[in-house]
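Since the structure comes first, as structure tokens, the remarks are kept for the end.
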Amino acid sequence: MNFLDAHRIVADFKGGTPLHFLLATSGTPDKLDLFLRAAAAKRGHMAKIRTLPFGTLGQTLLTEPVAGEAEVFCLFPWDFIPEVDWRSGVPSAPADEDALRNHALAAAEQIGRRKSARVLYVAAPIPPLFADWTAGANLERWLGSVVQSLGARLLPPECFSLASYLANGSPFAGTLLGQVAEAVIDRAISAPPEPRKVLVTDLDNVMWSGVIGEDGVEGIHFSPEGIGYRFFLYQTLLAKLQREGAILAAVSRNDEDLALAPFRAGGMTLGESDFVSIVASYNAKSAQIAEIANRLNLGLDAFVFVDDNPIELAEVSGQLPTVRCVQFPPNDEGIPRLFAELSELFARATVTGEDRERTAMYRRRLEGMAPSEAQGADLSTFLRGLDMTLTLHDRTTGDRARAVQLINKTNQFNLNGRRVTDEEVGVTVANGGRLYGASLTDRSGSHGEILACLIDGNGVIRSLVMSCRVFQRRVEHAFFAWLAGQDSPPGALDFAETERNEPTRQFLKDAAFQGTGPISFDAARFAEDHREDMGLFALYEP
């Protein structure tokens, strides 16, 4: 919407429902007036706008809201840290980073107490305050996470114009006034939705960086530095939501002792007692969420599910469509958007003593809950849309380092848990055996080599492993269907139960596998039963 569009809309608009709201911002919003009235008119409202005198935002926060008046706060970095206001220049004294952060937290707390406020935030650039420029970048990123805890909606940094701000006090770029006005009016007319009650989170690569079943407690990261930073930030947000009455639960494809190990080792922001339940199994996550809802006597529309894996999100969404599914971002840049979405979903006007005690009460209801074995959603359509390519490698000759590494590292999808040396593999293939690998790509990129299978000269599979990164994609079914179609397919598997290989045990429940110890493999039956699984992939044999 440009100036001429806005002028025409306002000129043609007659009547409409009055929309009374306060636009609170630290700059001068005069240039926005026409665009605000046009954006309101497009929605059938006659805008009645109250603005603040320049520089009085802080004083307004100390006053009571006006009855019947919506409040939209359009904020900039200097509303939290005055020292970064461009109009004041670079401070002459060295910046005290701790003092700046404490001031920002105090300002955020003050805004957060004003529960009627609907917040917009422009992440405008800030002037240099520190000798080390990275300190300024870290401060901006940290401030973004603080703002998102208020449930703020982000506006593009381009909405800020330094030239306009210095010239007349208006911080808004003229070319984006229409976009700013639309966002303000959306905030002004939208009543805060009923807050969600339960946040169910995945663990691996969501609560921490890494896979606990493969990396161990020592190999995962959740500290405020390096690759653990965004996971630390996520835990701090969940801790805040829990203090404000949200219920936290976790659902993980894992063994229970592994899922609990990081919590019991200490050092994380969140502890085991902050969750009403931590459900670890290899069954459908939708079934676990449904069981939690049933035990808590809550509707599924009260639930939010966070996972980094789009397949898990699709499974839950397909089976439980009223659960709000949110993807954990693959990099730090996605954290502000995640914080904004979750903060808005769980925003509460007031926090009562009952809200704060709800976790302990609900934990008692979930004591002794066993993982549900109910079937999950059919993911065939979703999986076809991933454009997956499964590349089959014959590693019998040539480089087999990755295949041997997989056999010796993977625990959960592992035929028998036995480790092998490169020399032992060499002996097996020299005696007529075969070694296969498989790598996977999809529309999001490459997952690398994710499967290894060692078959001895008698047609017995001695080692079979698959990375947990590709659970739920039916890779193992497609691979065995391909294997069944090869000359002289294997006839048996050297299976042994371990403490960690429940996913393998579930796979071997297929009717084509029979017996215990050495398990027989009916290749013809498997190929017939799993044609559709092969169809989920483009198969490539280099």
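The values are calculated or read from the model by the stated rules, or taken from the named source; none is laboratory data. These numbers come from a predicted model, not from an experiment. Counting neighbours? That spans all protein chains shown, and the Cβs are built from the backbone with ideal geometry, glycine included.
Quick notes
- Among the residues of the stretch 164-221, just one is closer than 27 Å to GLU71 by Cβ, in contact with a His (Cβ under 9 Å, 6 or more places away or on another chain) and surrounded by fewer than 21 Cβ atoms within 10 Å (Cβ to Cβ), namely ILE189.
- Every pair of residues 6+ apart whose Cβ atoms lie under 7 Å, when the first sits in the stretch 38-65 and is more than 30 Å from ASP12 (Cβ to Cβ) and of a type outside the set (Ser, Thr, Tyr) while the second is assigned to a helix (DSSP H, G or I) and modelled with pLDDT of 75 or more: LEU57/ASP79; LEU61/GLN110; LEU61/ILE111
- Some residue of the stretch 216-229 being charged (D, E, K, R) and either in contact with a Ser or Thr (Cβ under 9 Å, 6 or more places away or on another chain) or in the same structural domain as LEU75 (by TED's automatic domain parsing) (or both): no
- Looking across the stretch 59-86, just one residue is under 21 Å from ILE185 (Cβ atoms) and polar (S, T, N, Q), and that is THR60.
- Selection status of ILE111, in contact with a helix residue (DSSP H, G or I) (Cβ under 7 Å, 6 or more places away or on another chain), in the same structural domain as ASP85 (by TED's automatic domain parsing) and under 18 Å from CYS74 (Cα atoms): no
- Any hit, the stretch 202-219, residues being in a loop (DSSP other than H, G, I, E, B) and of a type in the set (Val, Ile, Thr): yes
- Subset of the stretch 284-310 that is under 17 Å from VAL470 (Cα atoms) and surrounded by fewer than 19 Cβ atoms within 10 Å (Cβ to Cβ) - its residue that is farthest from the chain's Cα centre (by Cα): PRO310
- The residue list ASP204, ASP255 contains one member that is touching a strand residue (DSSP E or B) at 6+ places or on another chain (Cβ under 8 Å), under 25 Å from ARG141 (Cα atoms), in the same structural domain as PHE328 (by TED's automatic domain parsing) and among the charged types (D, E, K, R), which is ASP204.
- Taking the stretch 86-111 as the range and being surrounded by 15 or more Cβ atoms within 10 Å (Cβ to Cβ) and without any contact (Cβ under 8 Å) to a residue 24 or more places away in the chain as the test, only HIS103 passes.
- Annotation: of all residues in the stretch 317-333 being surrounded by 20 or more Cβ atoms within 10 Å (Cβ to Cβ) and more than 14 Å from the chain's Cα centre (by Cα), the one that is nearest to GLU344 (Cα to Cα) is VAL323.
- Of note, ARG113 does not satisfy the criterion of being at pLDDT 80 or above and of a type in the set (Lys, Arg).
- Test: residue in the stretch 492-499 that is crowded, with 19+ Cβ neighbours inside 10 Å and among the hydroxyl-bearing types (Ser, Thr, Tyr): no
- Scope the stretch 1-47; condition of a type in the set (Gly, Ala, Ser), in a helix (DSSP H, G or I) and crowded, with 18+ Cβ neighbours inside 10 Å; matching residues: ALA6, ALA38, ALA39, ALA40, ALA41
- Of all residues in the stretch 119-155, those satisfying the criterion of being closer than 24 Å to GLY174 by Cβ and surrounded by 14 or more Cβ atoms within 10 Å (Cβ to Cβ) are VAL119, LEU120, TYR121, VAL122, ALA123, ALA124, ILE126, PRO127, ALA152, ARG153, LEU154, LEU155.
- Residue in the stretch 461-473 that is small (Gly, Ala, Ser) and either crowded, with 22+ Cβ neighbours inside 10 Å or in a loop (DSSP other than H, G, I, E, B) (or both) present: yes
- Scanning the stretch 236-255 for residues that are free of Cβ contacts under 8 Å to residues at least 60 places away in the same chain, buried (at least 18 other Cβ atoms within 10 Å of the Cβ) and part of a helix (DSSP H, G or I) yields a total of 1.
- Single unsatisfied condition, PRO224 versus (1) part of a helix (DSSP H, G or I); (2) farther than 30 Å from ALA70 by Cβ; (3) not aliphatic (A, V, I, L, M): (1)
- Exactly one residue among ASN283, ASN297 is at pLDDT below 90, under 22 Å from LEU345 (Cα atoms) and out of contact with any strand residue (DSSP E or B) (no Cβ under 7 Å at 6 or more places or on another chain), and that residue is ASN297.
- Residues of the stretch 403-443 satisfying the condition of being without any contact (Cβ under 8 Å) to a residue 24 or more places away in the chain and either outside any helix (DSSP H, G or I) or of a type in the set (Ser, Thr, Tyr) (or both): ARG419, THR421
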